[in-house]
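Student: Got a structure here, written out as structure tokens. Questions coming.
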Amino acid sequence: LKTDGCRTLAVAGHEFIEVCFERNGSEFHLYVMARPASRDLPTNPRFDSQNGMHSVMWTDAQHLYVLASAKDESALRALL
């Protein structure tokens with residue numbers, strides 16, 4: 001996967017994978033990690049914006065997902 005724009009990272013002892021991809025000329029980054037057991041995390045998408053970056057976070061039973069881009073919230077919604 002690394003040759004296709006993926007890499008693994010670790011932050012605060014949590015390992016996750018980053019998948020970078022392009023849609024309609026815009027760059028997106030998807031981060032996936034094992035769902036932390038000690039956190040109360042949303043199953044429904046939660047959108048946020050900071051310093052010109054936009055993101056959406058959601059979880060399922062096993063994983064935490066974050067999708068980020070410089071594109072606005074509507075571009076993120078279109079990918080969900």
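The values are calculated or read from the model by the stated rules, or taken from the named source; none is laboratory data. None of these values were measured; they are calculated from a predicted model. Every residue, glycine among them, receives a Cβ derived from its backbone with ideal geometry; neighbour counts consider all protein chains shown. Heavy atoms of the whole protein, side chains included, go into the accessibility calculation; ligands, DNA and RNA do not. Shrake-Rupley method; radii C 1.70, N 1.55, O 1.52, S 1.80 Å.
Student: Mind grabbing the accessible area of Glu27 for me, 1.4 Å probe, Å², rounded to tens?
Tutor: 110 Å²
Student: While we're looking at this one, here's another question. Defining a contact as two alpha carbons under 8 Å apart and six or more residues distant in sequence, what relative contact order in percent does the chain show? Numbers along the way, then the final one.
Tutor: Working: 138 pairs, mean separation 17.8, N = 80.
Here the relative contact order equals 22 percent.
Student: With θ taken as phi - 60° and the coefficients 6.51, -1.76 and 1.60, list the Karplus ³J(HN,Hα) couplings across region 23-34 in order, rounded to whole Hz; mark glycine and proline as x.
Tutor: 9, 6, x, 10, 8, 10, 10, 10, 10, 9, 9, 4
Student: To check you understand DSSP bridge types, tell me what percent of the beta bridges within the chain (both residues inside) are antiparallel, rounded to 5.
Tutor: Numbers: 31 of 31 bridges.
Bridges in the chain that DSSP calls antiparallel: roughly 100 percent.
Student: Taking K and R as +1 and D and E as -1, what net charge do the other residues with C-beta under 13 Å from the C-beta of Ala78 add up to? Provide the component values of the computation, followed by the final result.
Tutor: Details: positive: Arg23, Lys71, Arg77; negative: Asp72, Glu73.
So the surrounding residues net to +1.
Student: Let a ≥ b ≥ c be the square roots of the eigenvalues of the Cα gyration tensor of the chain; is it rounded (a/c under 1.5), or, if not, prolate (a/b larger than b/c) or oblate? Each step should come with its number before you reach the end.
Tutor: Values: a/c = 1.88, a/b = 1.20, b/c = 1.56.
Because a/c hits 1.5 or more and a/b fails to exceed b/c, the chain counts as oblate.
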